[in-house]
Amino acid sequence: MKHVNFITANVSMTVKELNRRVNNHSVTFDNAVQRGLVWDDERKSYLIDSILQGYAIPCLYAKRGSNGSFDMLDGKQRSNAIIDFLNNKFALTGMSEGMEDYEGATFDQLDAEDKENILDYSLTITYFDNISNEEVRELFFRLNNGKPLTNFEQIKAKCKSLDVAQEIVTTSPIFNNDLTGKKMSTDKKLELVYKAWAMLNLETPCLEKKTLNPLMVSTSITRDQKNELMDGFQRVYDAFKWLKDSSILETAKVNEKVRKRIITPTHLVSVLPFAVKSLKENRDVHSFGVWVKKFYSGTRRASFDEVYNDNAARGCARTDSIKKRLERLEASYNLQFHM
């Protein structure tokens, strides 16, 4: 009979303490298996309704770190609902019978007693010490048995190299949402890492869901491949910075346009093999940046090359579209550096 190797224990935590720990990052929700935020205001309100009436709510599950922090494995929706309400991010709606007086109220609009009851409400956290990443994924499946997981959430839980992909996402500055001001979900970032892996390691990559999803499950990203991915992302990020730093008044608008283009997912994974190639050829950021700017300075479309543009639009994940984009990039790269 197989037995788990991790240690399980429980701890009680008030809502007030949870809020404090979330704010100082000793309670986090960054584990790669965690689901995205899906609760609407009515479902969040129902949880607050339960707390106000003193009903018990299911315990939260977490992996405990060596410093006493908690990395939540299950309970993100509940925790987020509570924290959002404390921060007045939604007003109560759809309250149960007998709780109609709370309809439309934010936390700040509650009376002192109700506020105190919420802040003092005790949550139970079941935490695990010495739990492996494989056990975390297995536990996630068991905790969510019966819950409607999205297709991508099911795939994440099965990925062999999920932790490697997560490390790339969290350590590579190219994934910083502040670069464009447009927030990209963690799931999209993880998917982008696997797309980049395919572009660098497969002879005929296909990024369509039907091919990419099983690839994500079966792929084992080696240490060398991880380093190459991180180096490639860093080179594109360095070019992104160079375009800003090298701007003068006359070129600032063009440079900003190119900057936004090269970190767009389709263009990022397309240019990544040439970022890696430029590193292997010991080219500096300046020369790589000049080439990137020349290629992606299209007036109305991303590139000056219409074949590339046509294959970066609809159907861009197909093998033939990827092949044509890479061919046009390679021709431009060779013209810049090898002629």
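The values are calculated or read from the model by the stated rules, or taken from the named source; none is laboratory data. Nothing here was measured: the structure is a model prediction, and the numbers come from that model. Methodologically, a virtual Cβ is constructed for each residue, glycine included, from the backbone with ideal geometry; neighbour enumeration extends over all protein chains shown. Please note that ligands, DNA and RNA were not included when accessible areas were found on the heavy atoms of the full protein model with its side chains. Shrake-Rupley method; radii C 1.70, N 1.55, O 1.52, S 1.80 Å.
Remarks
- Summing Lys and Arg as +1 and Asp and Glu as -1 over all other residues whose Cβ lies under 11 Å from the Cβ of residue 204 gives a net charge of 0.
- Taking max minus min of the alpha-carbon positions on each principal axis, region 179-274 gives extents of 49, 25, 23 Å, largest first.
- Each 10 Å bin, from zero up to the one with the longest distance, holds this percent of the alpha carbon pairs of region 22-170: 10, 37, 32, 18, 4, 0.
- Relative packing of 75-85, 112-122, 204-214, which averages over residues the other C-beta atoms within 10 Å, highest first: 75-85, 204-214, 112-122
- Taking the square roots of 5 times each eigenvalue of the Cα gyration tensor of the chain, largest first, gives ellipsoid semi-axes of 45, 24, 18 Å.
- Per-peptide average of other Cβ atoms within 10 Å, ordering 259-270, 291-302, 13-24, 90-101 highest first: 259-270, 291-302, 13-24, 90-101
- Across the chain, the relative contact order, built from alpha-carbon pairs under 8 Å that are at least six residues apart, equals 15 percent.
- Gain on full stretching of the segment that runs from residue 43 to residue 87 - 0.36 nm per residue minus C-alpha separation: 14.2 nm
- Normalising the Debye intensity of region 220-308 to I(0), with uniform scatterers on Cα atoms only, and taking log10 at q = 0.13 Å⁻¹ returns -0.42.
- Legend: distances between Cα atoms for 156/260; 16/226; 280/324; 76/244; 16/160; 241/277; pairs beyond 30 Å are 16/226; 76/244; 16/160.
- As a calculated quantity, the FRET efficiency between residue 300 and residue 30 at R0 = 35 Å, using C-beta atoms, amounts to about 0.35.
- Additional length obtainable on full extension of the chain from residue 230 to residue 53, 0.36 nm per residue less Cα span: 58.7 nm
- Each principal axis of the Cα cloud of region 265-339 was taken in turn, and the coordinate range along them, longest first, works out to 34, 26, 23 Å.
- Accessible area per residue for region 235-339, computed on protein heavy atoms with a 1.4 Å probe, is 52 Å².
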